[in-house]
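Okay, so here's the structure we're looking at.
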Amino acid sequence: MALPTALVLAPLPPAIQPLLEQRFHCLHAPSPAALETALTASPYPIRALVGHGSTQVPASLLDQLPHLEIITLCGVGYDGVDLPACRARGIRLTNTPDVLTDDVADIATALVLLTSRRLIEANRFLHQNAWPQGPFPLASALRGKTAGILGLGRIGKAIATRLTALGMTIAYHSRHPQPVPHTYPPSLIDLATASDFLILACPGGPATHHLVDATILSALGPTGTLINIARGSVVDEAALIHALESNLIHNVGLDVFEHEPHLPPALINHPRAVLLPHVGSATTETRTAMGQLCLDNLDAHFAQKPLLTPVI
């Protein structure tokens, strides 16, 4: 019996990709040109699609995959997938929640520390041999500061646990209040106003597109810091750059960007911007676990068993 065919828009981690190759006839399409070739050259019907959290699967692509049964994404986000089109076709969708929660929360905590203690600037100061000319300027302590978390899901809760241990007060806003011992401002603008650090841990997609705009940044204020480990689309990047350049907010710590991997020079070159190349889940252990979960979901589907982490 021929192996089922999988369209691989983003490879699984190195420890898992060979296992995928053993189970599927894989068509690799890391670029638009490769995708066009894969769609026209495959002698077999494409039954599975493998991608990551930022993979784009619009209806136009689904229309070219009449035999597609399942999409599995190595990541939590699925805002690039046309969900109504998948539902209409009965295409199943899985992601990889839970296994990356701790690593992403660690990165959010690191960004809070990096921005508050000015550690990137301090590192540059030392390497530039500026210390003999005088001490590095003072930074800000975290104890007593308020961390406002937008989205108190698995990752948001893990961030709250870490920042509470650092002596911070936690406030949060989400669709509904939750039974947690934290303050619940009734709106995002109220959360931003109350926060020293506004931390984004919400899903991406149309519902949160540019949710953090000029108004929210103004409410965060000239002593406030924006931390984003959610999706770049949640922030109006042009408004963010203006807020930084105009001193409407103090600084930012970002692991995600609106048009990644392409960043505007104004953001890259800003001295009060701490930027990371979307490394929230980028550890060997977590990426391997994410890849294994993708593979397990595929195995379950083709064995006609329940999916481990179904989205639809």
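Quick look at the values:
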| quantity | calculated |
| --- | --- |
| The range 101-275: projected area of the alpha-carbon convex hull, averaged over directions, in nm² | 10.2 nm² |
| Percent RCO, i.e. relative contact order, over the range 101-275, from Cα pairs under 8 Å lying at least 6 residues apart | 20 percent |
| FRET E, pair Ala59, Glu285, Förster distance 35 Å, beta-carbon r, rounded to 0.05 | 0.45 |
| Of Val279, Val99, Val76, the one that fluctuates the most in a GNM where the chain has Cα springs shorter than 10 Å | Val279 |
| Among Ala110, Ala273, Ala147: highest mean-square fluctuation, GNM of the chain, C-alpha pairs under 10 Å | Ala110 |
| Helix 32-41 vs. the chain, principal-axis angle (Cα, 0 to 90°, nearest 10) | 10 degrees |
| Label point 7 Å beyond Cα of His210 along Cβ direction - residues of the range 228-260 with amide nitrogen under 11 Å | 235-239 |
| Extension gain, Asp98 back to Glu21 (0.36 nm per residue minus Cα-Cα distance, nm) | 25.2 nm |
| Most mobile listed residue (Arg287, Arg124, Arg47) in the chain, GNM with C-alpha springs under 10 Å | Arg124 |
| Sum of -39500 (n - 2.57) over DSSP H runs of 4+, divided by residues of the chain (222 nm, nearest 500) | -10000 deg cm²/dmol |
| Distance between modelled label sites at Glu36 and Ser187, nm, 7 Å Cα→Cβ extension | 4.8 nm |
| For the range 1-131: rounded, prolate or oblate by the Cα gyration tensor [a/c cutoff 1.5] | prolate |
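Laboratory data are not the source of any read-out in this text; all were calculated from the coordinates shown. These numbers were taken from a predicted model, which means no experiment stands behind them. Because the Cβ atoms are built from the backbone with ideal geometry, glycine has one as well, and the counts that use them run over all protein chains shown.
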